[in-house]
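Visitor: I'd like to ask some things about the structure below.
The values are calculated or read from the model by the stated rules, or taken from the named source; none is laboratory data. Here the structure is a predicted model, which is why all the values come from computation and not from measurement. Here Cβ is always computed from backbone atoms with ideal geometry, including for glycine, and neighbour counts include all displayed protein chains.
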Amino acid sequence: MFNKIKIDDLNENWVKKIHYEWALIVTNDTDKVNAMTANWLQMGYLWNKNVVTVYVRPERHTYKTMENSDVFSVAFFSPEHKKNLMYLGTASGKDEDKLAKVNYHTTVLDGAPVIEEADLVLTVKKLYQHHLCDENYLVDSKTIYPLQDFHLETIGEILGVYVKAAE
């Protein structure tokens, strides 16, 4: 399934990986796991912790599940999963079990829901949430948010880094 590694052992171009390969934000809302494709996320070091910051728009089902859960995961996949990631980024988990539709399975690591088919998983504990708002922008936010549907920003501590075990 997965092997836990040290975050310092990662050797990735994260800007390229996030922008071109995308990721799944995986949450758990009571008894149902939900996942949303994302490429608005950042990784770094903040408050003496390894962190990841994710952004979710209010119209997404994941928005509610991010507000209601203490942990989540961020999953990265090999290129052959791109079609599934496209689907998971457009379908709503409120309307269907979209993980079942793409034949993805879940488990739990560090208390966070995880997609078993992922190649790399970050388990994350929420530290901070903030709703982005117009008055804090130093540029015209209407070019970025013409509908004023500002993202929920969630900063979380990376609890664990897991890579798919060799078969």
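Visitor: Would you mind stating whether Ala23 is in contact with a Phe, Trp or Tyr (Cβ under 8 Å, 6 or more places away or on another chain) and closer than 15 Å to Val161 by Cβ? Spell out the reasoning first.
Guide: Details: in contact with a Phe, Trp or Tyr (Cβ under 8 Å, 6 or more places away or on another chain): yes; closer than 15 Å to Val161 by Cβ: yes.
So Ala23 passes the test.
Visitor: Looking at Val108, is it closer than 29 Å to Ala166 by Cα, of a type in the set (Val, Ile, Thr) and surrounded by fewer than 18 Cβ atoms within 10 Å (Cβ to Cβ)? Walk me through it before giving the result.
Guide: Details: closer than 29 Å to Ala166 by Cα: yes; of a type in the set (Val, Ile, Thr): yes; surrounded by fewer than 18 Cβ atoms within 10 Å (Cβ to Cβ): yes.
Considered against the rule, which asks whether it is closer than 29 Å to Ala166 by Cα, of a type in the set (Val, Ile, Thr) and surrounded by fewer than 18 Cβ atoms within 10 Å (Cβ to Cβ), Val108 comes out as yes.
Visitor: Regarding Tyr145, is this residue of a type in the set (Phe, Trp, Tyr) and within 15 Å of Thr53 (Cα to Cα)?
Guide: Working: of a type in the set (Phe, Trp, Tyr): yes; within 15 Å of Thr53 (Cα to Cα): no.
Considered against the rule, which asks whether it is of a type in the set (Phe, Trp, Tyr) and within 15 Å of Thr53 (Cα to Cα), Tyr145 comes out as no.
Visitor: Just the residues that are in a strand (DSSP E or B) and either over 21 Å from Val26 (Cα atoms) or not β-branched (Val, Ile, Thr) (or both), please, taken from region 133-163. Step through it out loud before you land on a result.
Guide: Step one: list which residues in region 133-163 are in a strand (DSSP E or B), which gives 152-163.
Within region 133-163, Leu152, Glu153, Gly156, Glu157, Leu159, Gly160, Tyr162 meet the criteria.
Visitor: Could you list, in sequence order, the residues of region 82-91 that are over 20 Å from Val124 (Cβ atoms) and not in a loop (DSSP other than H, G, I, E, B)? Walk me through how you get there before you give the answer.
Guide: Step one: filter region 82-91 for residues over 20 Å from Val124 (Cβ atoms), giving 82-84, 86-87, 90-91.
Lys82, Lys83, Asn84, Met86, Tyr87, Thr90 - these are the residues of region 82-91 that are over 20 Å from Val124 (Cβ atoms) and not in a loop (DSSP other than H, G, I, E, B).
Visitor: For region 57-75, how many residues are of a type outside the set (Gly, Ala, Ser), over 9 Å from the mean Cα position of the chain (by Cα) and not in a helix (DSSP H, G or I)?
Guide: The total comes to 6.
Visitor: While we're on this one: Residues that are modelled with pLDDT under 90 and either surrounded by 19 or more Cβ atoms within 10 Å (Cβ to Cβ) or among the hydrophobic types (A, V, I, L, M, F, W, C) (or both): does region 4-13 have at least one? Give the derivation first.
Guide: Step one: filter region 4-13 for residues modelled with pLDDT under 90, giving 11-13.
Filter once more, keeping what is either surrounded by 19 or more Cβ atoms within 10 Å (Cβ to Cβ) or among the hydrophobic types (A, V, I, L, M, F, W, C) (or both): none.
No, the conditions are met nowhere in region 4-13.
Visitor: Looking for something at pLDDT below 85 and more than 23 Å from Asp70 (Cα to Cα) - is there at least one such residue anywhere in region 97-106? Don't jump to the end; show me each part of the working.
Guide: Initially, region 97-106 is screened for residues at pLDDT below 85, giving none.
No, region 97-106 contains no residue that is at pLDDT below 85 and more than 23 Å from Asp70 (Cα to Cα).
Visitor: Could I ask something else about it? Tell me which residues, restricted to region 107-132, are closer than 20 Å to Ile18 by Cα, without any contact (Cβ under 8 Å) to a residue 60 or more places away in the chain and not in a strand (DSSP E or B).
Guide: Selection gives Glu117, Asp119.
Visitor: Here's another thing I want to ask about it. Anything in region 133-167 that is touching a residue at least 60 places away in the same chain (Cβ under 8 Å), closer than 24 Å to Ala112 by Cβ and among the charged types (D, E, K, R)? List them, or say none. Can you show your working first?
Guide: Residues of region 133-167 that are touching a residue at least 60 places away in the same chain (Cβ under 8 Å), as a first pass: 149-165.
From what's left, closer than 24 Å to Ala112 by Cβ: 151-165.
Answer for region 133-167, where residues must be touching a residue at least 60 places away in the same chain (Cβ under 8 Å), closer than 24 Å to Ala112 by Cβ and among the charged types (D, E, K, R): Glu153, Glu157, Lys164.
Visitor: Given the structure, is Val26 in a strand (DSSP E or B), under 17 Å from Glu153 (Cβ atoms) and not charged (D, E, K, R)? Walk me through how you get there before you give the answer.
Guide: Details: in a strand (DSSP E or B): yes; under 17 Å from Glu153 (Cβ atoms): no; not charged (D, E, K, R): yes.
No: the conditions fail for Val26.
Visitor: If you don't mind, another one. How many residues are over 21 Å from Val15 (Cα atoms) and either surrounded by 15 or more Cβ atoms within 10 Å (Cβ to Cβ) or within 9 Å of the chain's Cα centre (by Cα) (or both) when one looks only at region 36-54?
Guide: To start, the set of residues in region 36-54 that are over 21 Å from Val15 (Cα atoms) comprises 47-48.
Retained after the next criterion (residues that are either surrounded by 15 or more Cβ atoms within 10 Å (Cβ to Cβ) or within 9 Å of the chain's Cα centre (by Cα) (or both)): none.
Result for region 36-54: 0.
Visitor: Test Leu132 against the stated conditions and say whether it is among the aliphatic types (A, V, I, L, M) and at pLDDT 85 or above.
Guide: Details: among the aliphatic types (A, V, I, L, M): yes; at pLDDT 85 or above: no.
Answer is no for this residue.
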